[in-house]
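First comes the structure, then the notes that go with it.
The values are calculated or read from the model by the stated rules, or taken from the named source; none is laboratory data. Just so we're clear, the structure is a prediction, and the values are computed from it rather than from any experiment. Every residue, glycine as well, gets a Cβ built from its backbone with ideal geometry; the counts of neighbours run over all protein chains shown. Remember, those area values only see protein heavy atoms, side chains included, never the ligands or the DNA or RNA. Shrake-Rupley method; radii C 1.70, N 1.55, O 1.52, S 1.80 Å.
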Amino acid sequence: LVIDTETDEVTIIRDKDRCGYTLSVAEGADGYIYLASESLTAAAVYLDTENLGAAAPPCLLRFDLESMEIDPEYYFELADLYEEEHTYAGTIYPAKEKGKAYMMVLDESILPPPPGESGYNTRTLTTQHAWLTYELTLGDAPTAKRIESLPPTSAGALLVQAADELYLPEFDNADPATPRTLLRSYEGFERGDVILEILGHTRSIAKVIR
């Protein structure tokens, strides 16, 4: 979805066949806008225990601002971008350095037991602190490497922008009876302090100006 902020004209551009939920984006140093599947796609593939194939593997595409097209020749599955054997990755966040991004990768070995008898669904899986943060280098031959200094965290939400302020939501399930959403400052595309705690899982926020 491309919006011309001067004319408010909306252009819809679709790539239906290769991967879905490409809602997370980052700008490359080469002028392309890179589109990655959200962690919900990774969770859907992980939960597809009967291999029904309802969700395509999470992938990376790129958008050409000049031609206003998604590059038909550019396609990478996110799980092929790093050396570790973790199979499920999704959601990227812009990094401070243009051409870099952060990518979330599920570590199944530290995934807590599912709550209740019904088990995980895609949304509850992405709120678990079992996702590792990788640095993704964008470009013709993208690669990703784990950032060892960052502990496992959640991966269930996209960046939240309220006016000129940018926040990174994180989910805290330390007490299953009172899950919380932590809003962390992401000014300048850098992880800052937690500035707000919200009871429950919050996935979108709107700033109202009167």
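Data for the structure
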{"quantity": "Separation in nanometres of the label points that stand 7 Å from Cα toward Cβ, at Thr11 and Leu65", "calculated": "1.3 nm"}
{"quantity": "The chain, accessible surface, carbon-and-sulfur percent (1.4 angstrom probe)", "calculated": "49 percent"}
{"quantity": "Among Tyr46, Tyr88, Tyr75, residue whose mean-square fluctuation peaks in a GNM of the chain (springs only between Cα atoms under 10 Å)", "calculated": "Tyr75"}
{"quantity": "For peptides 141-148, 94-101, 12-19, 128-135, sequence by mean Cβ density within 10 Å, most packed first", "calculated": "128-135, 94-101, 141-148, 12-19"}
{"quantity": "Full-stretch length increase - Glu197, Glu108 - with 0.36 nm per residue and alpha-carbon distance subtracted", "calculated": "29.3 nm"}
{"quantity": "Over the chain, relative contact order from alpha-carbon pairs under 8 Å, at least 6 apart, %", "calculated": "14 percent"}
{"quantity": "Cα-only Debye scattering, the stretch 91-210: base-10 log of I(q)/I(0) at q = 0.19 Å⁻¹", "calculated": "-1.10"}
{"quantity": "For the stretch 56-71 and the stretch 149-184, distance of Cα centres in Å", "calculated": "27 Å"}
{"quantity": "Those residues of the stretch 1-43 whose amide nitrogen sits under 19 Å from the label point placed on Tyr75, 7 Å along Cα→Cβ", "calculated": "13-24, 33-38, 41-42"}
{"quantity": "Nearest-0.05 FRET efficiency for Arg180 and Glu97, computed from C-beta distance (R0 25 Å)", "calculated": "0.25"}
{"quantity": "Accessible surface, 1.4 Å probe, highest first, among residues Thr124, Thr181", "calculated": "Thr124, Thr181"}
{"quantity": "Surface accessible to a 1.4 Å probe, Val194 within the full protein complex, Å²", "calculated": "60 Å²"}
{"quantity": "Cα-derived Rg to Rh of the stretch 128-170, Kirkwood definition", "calculated": "1.06"}
{"quantity": "D (Stokes-Einstein, µm²/s), Kirkwood Cα radius, the stretch 78-132, 1.306 mPa s at 10 °C", "calculated": "125 µm²/s"}
{"quantity": "Volume of the Cα convex hull of the stretch 1-134, divided per residue and given in Å³", "calculated": "141 Å³"}
